[in-house]
Structure formats: structure tokens, C-alpha cells
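A quick write-up on the structure given underneath.
Read-outs throughout are calculated quantities, based only on the coordinates presented, and are distinct from any laboratory measurement. Bear in mind the structure is a predicted one, so any value in this text is a computation, not a measurement. So basically every Cβ, Gly included, is an ideal-geometry build from the backbone, and we count neighbours across all protein chains shown.
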Amino acid sequence: MTVCVIGGGISGIMAALALSRRGTETVLIESGETLGGHMAEIADCISGLEPKLIEVEADPLIEVITGVTVEKIDGSRGNFTLTLSGGRTINASSIILATGYTPFDPSVWSRYHLEHPNVYTSLEFERVISLSSPTGGRLPDGIRRIGFIQCIGSRDPRANPLCSSVCCMYTANEIKTLKARNPDVEVYVFFMDIRVAGRDERTIDKLKREGVTYIRSRVPEVITDDGKLTVRYEDTGAGELKSLDLDAVVLAIGLLPSGSTRKLAELAGLELTEEGYIKVSDGVRTSVDGIYACGCVAAPVRISDAVVQAEAAASLASEDGSPPPEMPELIEPEGEPAIGLIIFTDNGTLGSYIDLEKVREAALAIDGVIQVKEVPSLSGLEAEIASLVKDGSNRIVVAGLSHRKHEEMVRDVVERAGLNRYLVEIANIREHAAWVHPPDEATRKSIDLIRMAIAKVREVSPLKVELLPVTRRALVIGGGVAGMRASLEIASHGIGVYLIEREEKLGGMLGESNEIVADLIKQVESNELIQVMTGAEIDRIEGYIGNFSCTIRDEKLEAGAIVIATGAKRFEPAGLYSYGDDPKVITQAELTRRLETGIDAGTVAMIQCVGSRDGERGCSRVCCIEAVSNALAIKEKNPDTEVFILHKDIRTYGIYEKLYRDARSKGVIFLRFDEDKPPKYENGIVTVFDTLLGDEIQIRPDLLVLSTGLDVADRMQKINELLGTDLPTDKFYAEVKGESHLRLNPVDFEIDGTFIAGAIKLPKMVDEVIAEGIAAGGRVCSLLQQEAIPREGAVALVDEEICSGCGICVQICPFGAIELVQSLVEERVTYGWPITEIKEVAHVTKLCRGCGTCASLCPSSAIRHQFFEDVGILSQLELI
Amino acid sequence: MGDEFEPKILGFTCNWCTYAGADLAGTSRIQYPPNIRIIRVMCSGRMDPMFVIKALTNGADGVFLGGCHPGDCHYTKGNYYARRRINALREILKAFGLDERVRLRWISASEGPQFAEEVTKMVEDVKKLGPNPYKEETL
């Protein structure tokens, strides 16, 4: 049965791809003319987006319909009918809503003077600094001082009371790009709180060190006087009104629910929040069974979080699909290489950059080339390559595509045409020649690149794509929310799970007293497919994707995939603020527990960022929200209790901004201290230098609550030991990798077949953790539903005869994929008879990912990097 | 162009960062000198010093190597091996006066302009150095 995805932005695209990976037929509907959504508008994001667009285009299971809207939704789970604007109807078992956001339009307010030519919205500014702008990302003349104003149309009850979550960081990214292309420009940022975490925090610190001025301020206003721009603002540090003359202003506009989201909600009868977002549970489930939401339709989120939701929604929406189509019997290439050349003309446009006739003539003259064909579009590739193979080509070269963007797709096409998938090479004459050089030179270079590709393809031999058997069982490490939710998701698709928990009980950091946790424990324990092992410490993990083996005490568990959900530990504030000595000093987690029975205190003070954001550890993301909601709980029980929250920034992201607003209106007092002037606690008195007041404040609390951050050191250590990774132990996984790496594969861990979710990745709120658990579980399912996993064919191979067993490769392999083994080797000696002996040689295991580092380091040249063999590379470079 | 010396530069780029950076330069239509020919490998760790020497003895006037920024390697640490290896090679090339003709640069997938800039700079610098003196002798 088909799943219908509505919205062709990055969330919709990723949901469609996730569905197709599981063999589910998908219809992707987009109201605009092209796919890509807002991501396509972001400067240079195209390099990440483009491969996904190509994947969607080439995917036989995805039907894309653009330029239509959904006019009617009938039916229920398992049997929806969608009527499109052209009249066509689609039957779908489930629906995924991914209609994204509408950027706030600041022209409705005159105070920002958007009509001024040098006042930009952040999205307009993306085009200004984009490489594809007429100036190549350089600012117009005369702009030397530029100001960014944050929270335009966010955290503002008149427009949108919520925090848009992403603007702090997109501004920092814009500044980074801006500075790279305009190093001399002076940059100012007007902000209320900086709300970023992980590696992003270091990016902003770096910007500050490089001279970007961050001004903590309120209600900035743009004044135009004779075309001059001035920003007037209240400097909350100095406590006075100031103004700053600037040449240009960028308004960091917030994300609002899109109009189509509201319309679709009405059509399908979905519940909305008061702000107009889709109401969801588990991060992605809407109020109607069978309809899921991902991306910015439920709350403003970053791309990586949107992709987590897309994966989760796809997993919930997919029913077990049909197995992939049978592959044709592959032709064994015999005799001399006979090369068929395809020139991809990009709908004929390539001809306006280079002389195609010359290229064609030159190519035909190259030894071994038997046919040259032009193909205008990607969709035409399949038929042309098939006909080349039929007409006797046993090697293919495709000119005009990119290795990086198209190689896997081209290999698939070649394989479907009956040729081994490694008998094809690409000559990138478009990006690397036609588009970047004048016509004559580009033509010459194109011919050279084609020659090089032909030289290489002559040398390649068919590679066996090994099909790895799959153990249809998963191993989930960690029995907290993420691990339990992942287990349930996997089990719901009929796959067995070993759920391993180190502690004696399931529940993780939140503990079983939490309602959500209690419910998850009940579901997990009653699920027959999930085998729970508590009090279990893993001793060893061996194996590779599809075939892991995990040893616990004397027991060996076999699993095809692993989910790492080991969570985090509360930082122990021993010795800080007299914690441990003074019974009045407790942690936020202890307060949460005490609030269940009620507390007796006239004054409560909370100190944020204890053991986080301290120069070593980053932001733990959840502590502000936890503190504010506990403060609210205290006020609710007893409005007369005085509650002070001492903080650096208040980071109530997204929808949690509501809590912050409520807390302030209920009289919770927020005092901001500077990083270098943390509060002190002596003789029962908290002393803090409040930056807004510019003076010291003393509080005598009955309870001093420390909001402690999260720590993953021991968990990371253990993961490094078990999986042979080399990750720093003082950071969350997402901090190490950064958004740019995680964006499009947010739950993938270092090793193929392993996935990561929950606080070990980055601390998050429960809803987000649940979505991540589902996403990781979903990824496991799509992997384990396969009967066999095709392994990368272009991997390292040892010539045992030459190998001296020195073991250098064993040490340098980044994946621990080489081991020394005793092998029976037939060895030839210079004189005398061939002798056979047992010797120690290197052996490449299935963990190899094909980087080729070992091949160039082997002192005996005994390792070959298949498809990238020395002989192929040398034959290319000889043409220079 | 006349008789001006046009150097031949051989490029080795990793698949994930610098190759994609060159792609982005293309998508953004950033013009740079056409003297470079790129051979793609999966990781800068695959760049064998032997390739560099072969290229130089085969007549390349310069060799440009590109990989992911430190810490960003698709294969975790291949670029560190590349750096170590090329630095060692450079010491040897010094003896032949060829060290300035070999350049290793970190260019990410989003650094199209940097790619174009580095290639432009390399072509200019090699022009100043003149033709590779070992070109003829090895023939």
C-alpha cells in the first residue's frame, strides 16, 4: 500500500526516501514547481540537498507530483483517499505531513523599515552571500558595518510567542559565510539570549573571538534618516538606551506554521495548538491515527531534528514492504575492453559551454571506444546504458555527471543493464570543466577528463558485491526512554530485540516514577519479542553490519544491528556550593522528586549551568526547561513562595518558551549573571551580581537548587572500548560530529549497522528522545528487513603471497578492519619449487569501508584498494 | 595565450570534501584556470607518495592534494595520515627542489570558492617556478 507524503522540502524528501528504503511505495506531493523547500534557499546548502534530490528523482518507488495541492482527505488509517487540485485521487494507507513553515514577514511592522534597500530578512540575505549571487557572495559597495537583529517574529506575543529555535544558529552560520567572503566587514548581533548547544556553541565563541560583537539587548528598532541606517536599542548590560550607525541590517526572522498546514489540518480534522502548529504525541503522531507529522509543522526545528522526525514518521507509516526486484544475471566481460561512452548533455545546455562535436570526435578516436551516445536527461540514462550494453559495450563511461552526486545511481543503472556495477567510470566534464572555464579550454579539458576516465575504466575488473547474511535481531544498549522506544519500534515490525540495561531496573535517568517511563516499561516487559536483560554489563562486541556478536558474562547474543542509547549521567556537584555538606543545597533532579510530595520553603533559589557551559562541558539543553517548569510547579502549589532563577541565558527552545513566559507572569524572578562572575553561596546566603541591575543581590534561600548538566564520560569510554571507536569522552556525540555531519543522517553512528539515540547524542526533552528512539528503531528495521546486505565492493584486498605480516595496516585502519591471521600460503621462491607454508598475513574483515589508506601505506604494496588500484591511478596520471 | 608557460597540475581529491568543493565551485560557476586535472580517490589517506613522484616524473608541473579538514574526515582519520605522509615526502622533495610543487590543502564540500582560489594560487605560483626541471630527463 502506498504512503502519501505531503510537502517536498527536506523533511518530506527524507521521509519519502526512508519509506522507499523499506520497500514502501510513496507518492510525494509538492505544491511548488520544484522540490527542495526552504533548504534550497539557504546559501550553499545545495551541496547537501542536491544528492537527495537526485536520489528521489532516480528512485523507482517514489512518484513525485509537483504543482498540485491536496483538496480533500477522506477515509481512515489503512485507507485514505486524497483528492488533488487537478482532480486526481490517491489511495494511501498512511499520510505524512511535511508542509514546513512560513517565514515571518517583518514588513507588517514599520519599525524595521524592510523597504530600505539595505535592510534584509535573513532569507533574502542568504541570497546576498550565496556564491551564486551576481557578486559571488560579496556585499554591495559601501556596506562595512552590518547588524543582525535576532528574534524578529519570535518570542514576541504580538507575532509569535514561541522561540523559533533555529535563528541563533542560522545567524551564526550566515556570519561565518559572510566573513569568509567579506573579511573586513564589521558585524554586530542584537540578541536576548543565545540558544544553541553542542558544537554550535563553540562556533559562536569563535565568532566572538574573531571580533563579532554580540550585544545583549532588548527591543531594537531600525531608524532611517536620509537613507542612513541606525539601530536604537536598550543595552541590557549597561542598562541604557543606545544607538549604533550601520550600513545594513539583517532581520533574523522566525518560523511560523505554514498556511497549508492549517488547511490540511482542517481537511483531515487534525488538532492544532493555540499557535497553529499540529498537535503531536511521540514527536510525530497527530491526533488522527495513520497521519504523521514531521519537520516544522509541529514546532520549529533544525534540519537534523526534522530528519529524525521524518525517519520516525516513515517507520510508523510503513508497512513491511515487498523485497527489492530481482537483478538480471550479470554479463562476464570477455576479451578487450569495449567502451561505451555516454555524454550527459543536461537538457542540451552542456553544448553552450563546450564544443560537443569536438568532444565526440576526440572520444571516438580513443582506443577501445566503440560507441558514443548523448543523453539529455537523467531519466534517459537507463535506456541508453541498456542499449550500449546490448550492443556490445562491456565498460561504460558517463561524461557530464559527478562522482560525488551520481556515482551510486549510475552504478545501479549499470547493474540493472546487466553489467557489473564497478565497470563504469564518470568523467566530470560539467562541474569540473564546462561550468568553470572558457569554452575552448573547457572543451580541451573535457577531452582530457574523458581520456582519463577511459584509461581507468580499461583497468578495472568486475568486483564481487558480497551479500552479507543478516541476523534478524537487534541489540539495544540502554534501557532508558530512547532504548525502550527503539526496542518497541523494532518489535512492532516483527523483529526480536535484546534490550540490555546496566542497572538493575529499566527506566534510565528519568526513572520509573515518571509516567511516560512507567508506561514504556510496561509495554516493553509485556512484549514477547523484546528480551530484557537488566544488571547486565556487556563485555565485548565483535562482528560487522548484519552480524554482530555481543558477549555478556558467558552468554553470546547475535544481532544484525545495534542501537546505542546509553544515555547520560547527571553531573555530581560534589563540593560546589556546599553540596553534600549543607542539607539545604539539592540538585534539580532531587527537587523534581521532592515536588511529587511537595516542598516546604518560603524562598527557593536555583543556579543554572552547574557543571555545564563551564569551558569544558557544553550546554546540556534540558536544565533551563527543567528549572522553569519546576519553578512553575512550586508557584502553582504555593504562589507565595519566592523563586529566583540565576542563569547565563535562558534557553527555553521552541514551544518551551511558553513555560518561560508563564513563569515570569507568575512572578518567578530571573537574574542573569556573567560567565566570569558566577554566584557565591556562603553562610546560607547566595550573592549574585545581576547584570540587568548592575549590582549585587543577596538571597537567603530555604532551598538552593543546583541545575546540574549531563555528563557522558563513562558511557563514551565504554562505547570506545566495545566498538573500537576513538571518540572524545568529554562531549556528547552530536557535539563531536556537529550539525553539518548529522544533518541528513542524524541517528547513524560511526560503524555501519550501528545507530545512536537519546542523551548520549545530545540531551533533549522526552518527546524528542521518543522520536529519536523511533527513528533509530526504524533505521534498524529497514536494515534488518533485507534478506542480505550488499557490501561495498571497492574494498581493500591483501595479496597474501607478498604480505610480510608486518602489521602496520592493522594499526592504521580507522575501522579496525584488518587483523593478522595464520594462513596457508602458496609461495613461490626465486629458484627451486613452489612451496607452501603457513605464515602470518593481514586479513581484511567485513568492517572495511574502502578508504584505501592501508593500500598506500603498505610497505610491501601487498594491499590493493579495489577499483582504485595503483595501476588504474597511474594510467590516469600518465596522461598528464 | 601565446608562448606563456601553462603549467600542468595534477589534482588528487578525496571524494567527500574537496571533490565536492570542486563540484560546488562548478555549480556556482566560479571561474578558475583550466590547468588542473583531478583524479578522485575516496580518502586523502589513499594518496600514495608514489603517485606524487610518478606525476612529477611524468611531466606534471605541480601536484595538488585535497582532503577534508582535520577532524572532519569521512573515514575519521585518513587525512591525518595524508598530512604526515606528504610532509615526509616534502622533506625528500626538497633535495630535488620540487617541494614547492606539491601542495596539500583542506577544502570542505561547502568551500567552492576556496577550491577555486587555491587552484588559482597554485597555478600562479607554479608559473613563477617555471616548468618542472625533471620533465625531460625521465623520458
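Please determine, in degrees from 0 to 90 and to the nearest 10, the orientation of helix A:403-416 with respect to the longest principal axis defined by the Cα atoms of chain A, where the helix direction is its Cα long axis.
Taking the Cα atoms of chain A, the angle to A:403-416 is about 50 degrees.
Does the stretch A:106-255 come out rounded, prolate or oblate by the C-alpha gyration tensor, with a ≥ b ≥ c the root eigenvalues, rounded set by a/c under 1.5 and, if not, prolate when a/b is larger than b/c and oblate if not? Walk me through the numbers before you get to the answer.
Numbers: a/c = 1.31, a/b = 1.08, b/c = 1.21.
Here the stretch A:106-255 falls in the rounded category.
Rounded to two decimals, what ratio of Rg to Rh does the stretch A:380-453 give with C-alpha atoms and a Kirkwood Rh?
Ratio value, two decimals: 1.02.
Work out the mean other chain Cβ neighbour count within 10 Å for the residues of A:562-571 and drop it here as an integer.
For peptide A:562-571, the averaged partner shielding equals 0.
Considering every residue in A:850-863, what mean count of other chain Cβ atoms within 10 Å of its Cβ is obtained?
6
What are the extents of the Cα atoms of the stretch A:746-861 along their three principal axes, in Å, largest first?
Principal-axis extents of the stretch A:746-861 (Cα, largest first): 73, 30, 21 Å.
Using alpha carbons only, how many angstrom separate the centre of the stretch A:750-818 from the centre of the stretch A:632-700?
Computed from Cα coordinates, the inter-centre distance equals 44 Å.
Mean shadow of the stretch A:796-877, computed from the convex hull of its alpha carbons, in nm²?
Approximately 6.1 nm², given one-decimal rounding.
Which value, to two decimals, describes the C-alpha radius of gyration of the stretch A:368-413 once divided by 2.2 N^0.38 Å? Don't skip to the end; give the middle numbers.
Working: Rg = 10.4 Å, N = 46, 2.2 N^0.38 = 9.4 Å.
Against the compact-globule rule of thumb, the ratio is 1.10.
Give me the Kirkwood hydrodynamic radius of the stretch A:183-266, using the inverse of the mean 1/r over all pairs of distinct Cα atoms, in Å to one decimal.
Radius from the Kirkwood sum: 15.4 Å.
What's the angle, to the nearest 10 degrees (0 to 90), between helix A:515-526's Cα axis and the longest principal axis of chain A?
For helix A:515-526, the angle is close to 40 degrees.
Mind ranking A:176-187, A:433-444 by how tightly packed they are, going by the mean number of other C-beta atoms within 10 angstrom, highest first?
Per-residue Cβ counts within 10 Å, averaged per peptide and sorted highest first, yield A:433-444, A:176-187.
Explain nothing, just the number: relative contact order of chain A, from Cα pairs under 8 Å at least 6 residues apart, as a whole percent.
Worked out over chain A, it gives 12 percent.
Can you give the FRET efficiency for residue A:1 and residue B:31, using 1/(1 + (r/R0)^6), R0 = 56 Å, r = Cβ-Cβ distance, to the nearest 0.05? Mind showing how you got there, number by number?
On the way: r = 51 Å, r/R0 = 0.91.
That gives a FRET efficiency of 0.65.
For the stretch A:576-710, just the Cα atoms, rotate onto the principal axes and tell me the three extents in Å, largest first.
37, 35, 30
For chain A, what is Rg from Cα atoms divided by 2.2 N^0.38 Å, rounded to two decimals? Don't jump to the answer; show the numbers that get you there.
Working: Rg = 29.9 Å, N = 880, 2.2 N^0.38 = 28.9 Å.
Its radius of gyration relative to the 2.2 N^0.38 Å reference: 1.03.
Per residue, what volume in Å³ does the convex hull of the Cα atoms of the stretch A:537-581 enclose?
100
What per residue convex hull volume, in Å³, comes out for the stretch B:61-129 when only alpha-carbon positions are used?
Convex hull volume per residue, Cα atoms: 70 Å³.
When DSSP beta bridges are limited to those with both residues in the stretch A:622-718, what percentage is antiparallel, rounded to the nearest 5?
65
Among DSSP bridges having both ends in the protein assembly as shown, what percentage is antiparallel? Round to the nearest 5.
Just about 40 percent of them are antiparallel.
Under a crude label model (7 Å from the Cα following the beta-carbon direction), how far is residue A:123 from residue A:69 in nanometres?
According to this spin-label approximation, the distance is 1.6 nm.
Would you mind putting A:651-657, A:859-865 in packing order, based on average other-beta-carbon counts within 10 Å, highest first?
Ranking the peptides A:651-657, A:859-865 by packing returns A:651-657, A:859-865.
Between the helical axis of A:713-723 and the dominant principal axis of chain A, each derived from Cα atoms, what acute angle in degrees is found, rounded to the nearest 10?
Result, in degrees: 10.
On average, how many beta carbons from a partner chain sit within 10 Å of the beta carbon of a residue in A:446-453?
Per-residue shielding by partner chains comes out at 1.
Round to the nearest 0.05 the FRET efficiency obtained for residue A:279 and residue A:466 when R0 = 35 Å and r is the Cβ-Cβ distance.
0.15
When the C-alpha atoms of the stretch A:47-104 are aligned to their principal axes, what extent does each axis show, in angstrom, from largest down?
Computed over the Cα atoms, the extents are 39, 37, 23 Å.
Calculate the length of the line joining the C-alpha centroid of the stretch B:1-65 to that of the stretch A:524-554, in whole Å.
Here the two parts' Cα centres lie 48 Å apart.
Quick check on packing: order A:260-273, A:592-605 by the mean number of other C-beta atoms within 10 Å, highest mean leading.
By packing density, highest mean first, the sequence is A:260-273, A:592-605.
Measuring from centroid to centroid over Cα atoms, what is the spacing of the stretch A:25-48 and the stretch A:468-487 in Å?
32
Please state the Cα pair-distance histogram of the stretch B:9-129 with 10 angstrom bins from zero: what percent is in each bin?
15, 48, 33, 4, 0
With r defined as the distance between the Cβ atoms of residue A:806 and residue A:206 and R0 fixed at 45 Å, what FRET efficiency is calculated, to the nearest 0.05?
After rounding to 0.05, the efficiency reads 0.60.
Using only the Cα atoms of the stretch A:456-584, construct the convex hull and provide its projected area averaged over every direction, in square nanometres to one decimal.
Numbers: hull surface 55.7 nm².
For the stretch A:456-584, the mean projected area of the Cα convex hull comes to 13.9 nm².
Listed here are the pairs B:77/B:127; A:208/A:677; A:637/A:680; which of them are more than 24 Å apart at the Cα?
Pairs exceeding the cut-off: B:77/B:127; A:637/A:680.
Just to be sure I understand the model, the point goes 7 Å from the Cα along the line to the Cβ. What's the resulting residue B:124 to residue A:336 distance in nm?
4.7
So how do A:752, A:245 line up by other beta-carbon neighbours within 10 Å, fewest first?
So the residues, fewest neighbours to most, are A:245, A:752.
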